[in-house]
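Below is one structure; the comments refer to it alone.
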Amino acid sequence: MDRVVVAVDGSNLYHLCKLNFGNPHIDIGKFAEWAVAGRTLIRTYYYNCPLPESADLAQQAGQQKFLAALKRIPYLEVRLGRLVQRERRCPDCQAAHVFYEEKGVDMRIGIDLLVGAHADMYDVAVLVSGDADLCEAVRAVKNFGKHVEVVEFPTGTSRELVETADVIKPITGQVIQSLFFPRVAP
């Protein structure tokens, strides 16, 4: 039976679920089970960045609670990058707009996939990201004789990443409904 590693780009998953299904609140443990599809789960890696200190305190507390809950999921490791503040000027009005950019997440995903492939840790990597920046890592993993499956959302998944994968795992509205956390009544 295939040994499977699931690599989840948390920010990407959040935004793709929100964009495609209007709900970003996915149960990562159930999501990994769906991705593994009855094979042997070796490990789930969840990648994200902590919110900046300037973020709303309730949002920071919510993220910390979420990350703590993730750490209680068996065979799941949380890997954190960092957010870097950037500024961009509007070409029309010259107003400065501050935004945050993730750093270290894609590189960490690629490195973890490659290290695991080299160590023969897994047979199949399931990649949950829509980011074309990971295409070279996917090609390198395949050169180790490993298989790479990419979870494809209806919109927002890079065409190049889809074409680089060995297998596409399309996620539909019907599938995702069972993976959301139940809504709590007010």
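The values are calculated or read from the model by the stated rules, or taken from the named source; none is laboratory data. Owing to the predicted nature of the structure, the values given are computational and were not obtained by experimental measurement. Every residue, glycine as well, gets a Cβ built from its backbone with ideal geometry; the counts of neighbours run over all protein chains shown.
One table, with the values for the structure above:
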quantity: Hits in the stretch 146-158 (condition: free of Cβ contacts under 8 Å to residues at least 24 places away in the same chain and not in a strand (DSSP E or B)); calculated: none
quantity: Given (1) surrounded by fewer than 16 Cβ atoms within 10 Å (Cβ to Cβ); (2) touching a helix residue (DSSP H, G or I) at 6+ places or on another chain (Cβ under 9 Å); (3) closer than 18 Å to Tyr45 by Cα, index of the condition Gly130 fails; calculated: (1)
quantity: Yes/no for Val175 being of a type in the set (A, V, I, L, M, F, W, C), under 18 Å from the mean Cα position of the chain (by Cα) and at pLDDT 95 or above; calculated: no
quantity: Selection status of Thr44, β-branched (Val, Ile, Thr), in contact with a strand residue (DSSP E or B) (Cβ under 6 Å, 6 or more places away or on another chain), surrounded by fewer than 23 Cβ atoms within 10 Å (Cβ to Cβ) and touching a residue at least 24 places away in the same chain (Cβ under 8 Å); calculated: no
quantity: Selection status of Pro74, surrounded by fewer than 10 Cβ atoms within 10 Å (Cβ to Cβ), closer than 26 Å to Ala7 by Cβ, out of contact with any helix residue (DSSP H, G or I) (no Cβ under 6 Å at 6 or more places or on another chain) and not basic (Lys, Arg); calculated: yes
quantity: Flag if Val36 is touching a helix residue (DSSP H, G or I) at 6+ places or on another chain (Cβ under 8 Å) and at pLDDT 95 or above; calculated: no
quantity: Sole exception among (1) more than 15 Å from Asn12 (Cα to Cα); (2) crowded, with 17+ Cβ neighbours inside 10 Å; (3) among the acidic types (Asp, Glu) for Asp56, by number; calculated: (2)
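For every residue, the table says whether it meets (1) within 30 Å of Gly145 (Cβ to Cβ); (2) not hydrophobic (A, V, I, L, M, F, W, C).
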residue	(1), (2)
Gln63	no, yes
Glu87	no, yes
Tyr100	no, yes
Val115	yes, no
Tyr122	yes, yes
Ala125	yes, no
